[in-house]
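A short worksheet on the structure shown next.
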């Protein structure tokens, strides 16, 4: 900053240079995560998931992807194989995702009962050079109607709604009455 006198007034001026974040080594990591679900056309109970993780940051990342399969989905296979697989828990470790790098994980599960499945993945990533940390979440939804096994809820400690021609969506109860039952006395 420079100050100077012009008669009785003080004039000030400054010069600066701004650099884009991409030019600085201190920019935080930027992780982009996407998840897609596709049912197999020949076997709709077989679901193909694709997870794509991309490093949009300035340096290499080490990332951990964690996926907890919903009840009713059984793990079949994956490429690459998870580093950890325990029941419904799947975890992949990407030790060096280069700048602008893209890693894709494809895995398959089988639905054991009909229902709507929302499957989420969580990613934690740290810059290999120690410049920061990022995390991201993604989810995919699929509806299966081909197993022949009625959907069950796990929301009530194992108790299931009796099969009285009623449904229990999240919005509330719906009762289907025939015209004889739809009479108010």
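The values are calculated or read from the model by the stated rules, or taken from the named source; none is laboratory data. Remember, it's a predicted structure, so these values are computed and weren't measured experimentally. All Cβ positions, glycine included, derive from the backbone under ideal geometry; neighbour counts span all protein chains shown.
Of note:
- The residues in the range 129-142 that are surrounded by 15 or more Cβ atoms within 10 Å (Cβ to Cβ), under 23 Å from the mean Cα position of the chain (by Cα) and at negative phi can be counted, and the count is 5.
- Qualifying positions in the range 69-84 - touching a strand residue (DSSP E or B) at 6+ places or on another chain (Cβ under 7 Å) and loosely packed, with under 15 Cβ neighbours inside 10 Å: 74, 76, 77, 79, 80, 83, 84
- Members of the range 84-98 that are farther than 9 Å from residue 67 by Cα and without any contact (Cβ under 8 Å) to a residue 24 or more places away in the chain: 84, 85, 86, 87
- Of everything listed in (1) under 14 Å from the mean Cα position of the chain (by Cα); (2) more than 21 Å from residue 37 (Cα to Cα), the single unmet condition for residue 68 is (2).
- In the range 23-50, of all residues being surrounded by 11 or more Cβ atoms within 10 Å (Cβ to Cβ) and farther than 30 Å from residue 119 by Cα, the one that is modelled with the highest pLDDT corresponds to 27.
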